[in-house]
Amino acid sequence: MNKSVNANQEFQSDFLSVSAARAAISDLIRKTQEHAKLKEAIDIVPLKESLGRIVAGDILSPIDVPPTDNSAMDGFAFNSNELDSNQDQIHLRIIATVYAGQTHSPAIEVGGCIKVMTGAMMPANCDTVIPQESTTSNTNGLISFSKDVIRPGENRRLRGEDLQAGKAAIHQGRVLRAADIGLAASLGISTLAVYKKIKVAILSSGDELCGMEEQLQAGKIYDSNRFSLYALLDRLGFEIIDCGIVRDTPEDLRKAFSAASQKADVIISSGGVSVGEADFTKQIMDELGEVGFWKIAMRPGRPMAFGSLKPLSPKTTPTVFFGLPGNPVAVMVTFYQFVRNALLQLNGASKPEIPLVSVQSAQAIRKKSGRTEFQRGVLFRDQEGKLLVKTTGSQGAGILRSMGEADCFIILHHDQGNIAPGDWVDVEIFDGLL
Ligand code: AMP
Ligand code: MG
């Protein structure tokens, strides 16, 4: 770690770039994962319950896929070596029909072919299938086709062409999606070894916060961050420990963080890390572990605390701590930009990154070089059908509605300056096919 990403960095020191913050987080996550031996904690789960879980080891195929050579088309199977090479027009006699699922077929003879359905086993000695629509059939049981329309070996799927027995069908670290579950089923695999879910504790800090069970008093606001965090974590399938609202006093903070770190692998708090407010949190963190209070060159989400808390019995391994800013949009932005990938990485996922897509901006966007901005964007098509992005308008970090109205982040990178209409910008789309 270089000086600028040291976890003990002073609160008032230089701004940390988003990429330096990510690197420091990734580094600590890797060490924590090794220390906690998280990759040794495994669940065996039924296939239907494995969606979103993270695969604990390469899943090898027990069979060849497809299990036998078979036809890729409805058509006629024949042996290309036995065609009369002097003839341009080929005539073959239909000897038999083989359907998908049928386990044996009559032997082919010279001048003959076998009618096959898609997925039917290739009859012995046949290497090629001519699709039905490329042939003409006569009433006397002959089919005819021009020799030019087909090359030897066409329309035949070979045994093991998709996957060979013993080869990895799904790789370690994969976050399982619907296609993986279908693939495992196609191999006859009914249970999967996945990493145990990491436990994530969430809490909200602030004297102004009010729970839904209480009457909203003057000067108070409902605690919404714990609910967005809960939903974000729930979607990713982690085990969530809700530690409620914590008052801004050293005693309450100490009690809450100690209790949470006894149970959880990770603690995520929101609020209480901005200048002037961080003193209590900072004091407690100095007692409980090693936490850096960062000023990140980004918008929104500038202040963030990150580090690890010393193990408290019964736990024997440190707890990762994310102290997110209090502003509701900043919570979501910092979660997506730092916490999400870190949690997936800690839980053994190999590729947690979300892809960036480049689109043209429909409007001018003011942007200062030297910080990364995550603006809330809406994708749309103009009259010519061109995909464009515009902002949701007001970008205040407290305006949670702007997150709801958006369907992507417009990411304006560290060195980027003002954006003119038509400039290409990177976006991160909230929802794809799931
Ligand atoms: P802080 O980072 O604690 O200074 O909070 C920044 C802003 O976010 C303040 O306006 C807080 O009232 C608001 N805020 C902090 N925590 C929450 C929360 N849990 N839910 C909703 N708003 C919050
Ligand atoms: Mg506060």
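Axis of helix 225-236 versus longest Cα principal axis of the chain: the two differ by about 20°, to the nearest ten degrees. Within the straight-line cut-off of under 12 Å between alpha carbons, the aspartates and glutamates reachable from Lys263 are Glu239, Asp242, sequence neighbours fewer than 8 places apart in one chain being disregarded. What FRET efficiency, computed as 1/(1 + (r/R0)^6) with R0 = 35 Å and r the Cβ-Cβ distance, is obtained for Gln383 and Ala72, rounded to the nearest 0.05? Efficiency computed from Cβ-Cβ geometry: 0.25. Charge tally for Ala364 (other residues, Cβ to Cβ under 12 Å; Lys, Arg +1; Asp, Glu -1): +2. Using C-alpha pairs under 8 Å with a sequence gap of at least 6, the mean separation divided by the residue count of the chain gives a relative contact order of 17 percent. If the elastic network links every pair of Cα atoms under 10 Å, which of Glu384, Glu161, Glu40 fluctuates the most in the Gaussian network model of the chain? Sorting by GNM fluctuation, first place goes to Glu384. Quick one: length gained pulling Glu161 to Glu208 fully straight, 0.36 nm per residue minus the C-alpha distance? Result for the pair: 10.7 nm of gain on full extension. Comparing Glu49, Glu208, Glu133 in a Gaussian network model of the chain where C-alpha atoms under 10 Å apart are linked, the largest mean-square fluctuation is found at Glu133.
Average accessible surface for the range 276-324: 37 Å² per residue, computed with a 1.4 Å probe over protein heavy atoms with every protein chain in place. Share of antiparallel DSSP beta bridges in the range 265-384, in percent to the nearest 5? The antiparallel proportion sits near 65 percent.
With a/c under 1.5 counting as rounded, go ahead and sort the range 96-139 into rounded, prolate or oblate using the C-alpha gyration tensor (a ≥ b ≥ c being the square roots of the eigenvalues; past the cut-off, prolate if a/b is larger than b/c, else oblate). Oblate is the answer for the range 96-139, as a/c is 1.5 or above yet b/c matches or exceeds a/b.
Compared with the dominant principal axis of the Cα atoms in the chain, helix 18-36 is inclined by about 80°.
Taking every DSSP beta bridge that has both ends in the chain, the antiparallel portion is near 65%. Shown in residue order for the range 355-362 are the 3J(HN,Hα) couplings computed by the Karplus curve 6.51 cos²θ - 1.76 cosθ + 1.60 at θ = phi - 60°: x, 9, 10, 9, 9, 8, 7, 7 Hz (x for Gly and Pro).
Projecting the Cα atoms of Ser361, Gly393, Val329 onto the charge dipole of the chain (Cβ charges, centred on the Cα centre) puts Val329 farthest toward the positive pole. Centre-to-centre separation between the Cα atoms of the range 311-342 and those of the range 89-113: 65 Å. With a Förster radius of 35 Å applied to the C-beta separation of Ala23 and Lys220, the computed FRET efficiency comes to 0.35. Please list log₁₀ I(q)/I(0) at q = 0.08, 0.20 Å⁻¹ for the range 279-426, using the Debye equation with identical point scatterers on the alpha-carbon positions. Normalising to I(0) and taking log10 leaves -0.29, -1.26. Using R0 = 30 Å, the C-beta based FRET efficiency linking Thr103 and Ser137 works out to 0.70. Distance between the pseudo-spin-label points of Gln87 and Lys48 (7 Å out from Cα toward the beta carbon): 5.4 nm. The listed peptides 286-299, 106-119, ordered by packing as a protection proxy, come out as 286-299, 106-119 (highest mean of other Cβ atoms within 10 Å first). On full extension, the segment bounded by Glu251 and Lys390 gains 45.4 nm, given 0.36 nm per residue less the C-alpha separation.
The residues of the range 361-434 expose, per residue, 55 Å² of accessible area to a 1.4 Å probe.
Packing, as the average of other Cβ atoms within 10 Å across residues, places the peptides 270-279, 174-183 in the order 270-279, 174-183, highest first. About its Cα centre, the dipole of the chain is roughly 740 debye, where the only charges are +1 on Lys and Arg Cβ and -1 on Asp and Glu Cβ. Note that the range 151-160 has calculated 3J(HN,Hα) couplings of 10, x, x, 6, 6, 10, 9, 8, 3, x Hz, one per residue in order, obtained from phi through the Karplus relation 6.51 cos²θ - 1.76 cosθ + 1.60 (θ = phi - 60°); glycine and proline are x. Normalising the average separation of contacting C-alpha pairs (under 8 angstrom, six or more residues apart) by the number of residues puts the relative contact order of the range 219-363 at 20 percent. Ranking Met122, Ala179, Ala107 by Cα position along the charge dipole of the range 92-190, where only Lys, Arg, Asp and Glu carry charges on their C-beta atoms, puts Ala179 farthest toward the positive end.
Just to be sure I understand: with springs between alpha-carbon atoms less than 10 Å apart, which residue in Ala100, Ala193, Ala201 has the highest mean-square fluctuation in the Gaussian network model of the chain? Per the Cα network of the chain with a 10 Å cutoff, Ala100 tops the list. Percent antiparallel among DSSP beta bridges with both residues in the range 55-153, to the nearest 5? For the range 55-153, the DSSP antiparallel bridge percentage is about 75.
By the rule of a C-alpha distance below 18 Å, with chain neighbours fewer than 8 residues away ignored, the aspartates and glutamates paired with Lys115 are Asp69, Asp74, Glu82, Asp127, Glu133, Glu154. The angle between the Cα long axis of helix 250-263 and the main principal axis of the chain comes to about 30°, on a 0 to 90 degree scale.
In this label model, Ser350 and Ala124 are separated by 4.2 nm, measuring between points 7 Å along each Cα→Cβ vector. Our helix-only sum for the chain, with -39,500 (n - 2.57) per DSSP H run of n ≥ 4 divided by its residues, gives a mean residue ellipticity at 222 nm of -6000 deg cm²/dmol. In terms of its C-alpha gyration tensor, the range 221-312 comes out rounded, because the ratio a/c of the largest to the smallest axis stays below 1.5. Of the accessible area of the chain, computed with a 1.4 Å probe over protein heavy atoms only, carbon and sulfur atoms account for 51 percent. Pairs exceeding a 21 Å alpha-carbon distance, out of Lys197/Lys351; Lys37/Lys197; Lys282/Lys367; Lys295/Lys367; Lys39/Lys351: Lys282/Lys367.
The values are calculated or read from the model by the stated rules, or taken from the named source; none is laboratory data. Because the structure is a prediction, the values reported are computed rather than measured. All Cβ positions, glycine included, derive from the backbone under ideal geometry; neighbour counts span all protein chains shown. All accessible areas refer to the heavy atoms of the entire protein, side chains included, with ligands and DNA or RNA removed. Shrake-Rupley method; radii C 1.70, N 1.55, O 1.52, S 1.80 Å.
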